[in-house]
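Notes follow the structure.
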Amino acid sequence: MADIDAALAATTAHGGTVIWGPGEIPGGSYSALILDPAGHNIGLVGPRAAGA
């Protein structure tokens, strides 16, 4: 994914759920916790799109 916002949009578009985030991490990255359609918790870390 190009950025964490795109990853979270893809999560919901494919039946997953955003549990938390995106939250800023010092240094410029962002983190989020998702639940995939099979019920697995997954942590994501990445940049945010410019202007988001």
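Read the figures in this text as sums done on the coordinates, not as results from a lab. Treat the numbers as computed from the prediction; the structure is a model and nothing was measured. Note: ideal-geometry Cβ built from the backbone for every residue, glycine included; neighbour counts use all protein chains shown.
In table form, for the structure just shown:
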item: Taking the chain and dividing mean pair separation by its residue count, relative contact order in percent (alpha carbons under 8 Å, at least six apart); result: 35 percent
item: Cα-Cα pairs of the chain separated by more than 12 Å (percent); result: 58 percent
item: Residue-by-residue Karplus 3J(HN,Hα) for segment 9-14, coefficients 6.51, -1.76, 1.60, Hz, glycine and proline x; result: 5, 5, 4, 5, 5, 10
item: Projected label distance in nm at Ile42 and Ala2, using a 7 Å step from Cα toward the beta-carbon; result: 2.0 nm
item: Inter-label distance for Ala10 and Ser29, nm, one decimal - labels placed 7 Å from Cα along Cα-to-Cβ; result: 1.7 nm
item: Value of [θ]222 nm, deg cm²/dmol, for the chain, DSSP H segments ≥ 4, -39500 (n - 2.57) each, nearest 500; result: -5500 deg cm²/dmol
item: Residue among Gly15, Gly39, Gly27 with the largest mean-square fluctuation in a Gaussian network model of the chain, springs linking Cα atoms under 10 Å; result: Gly27
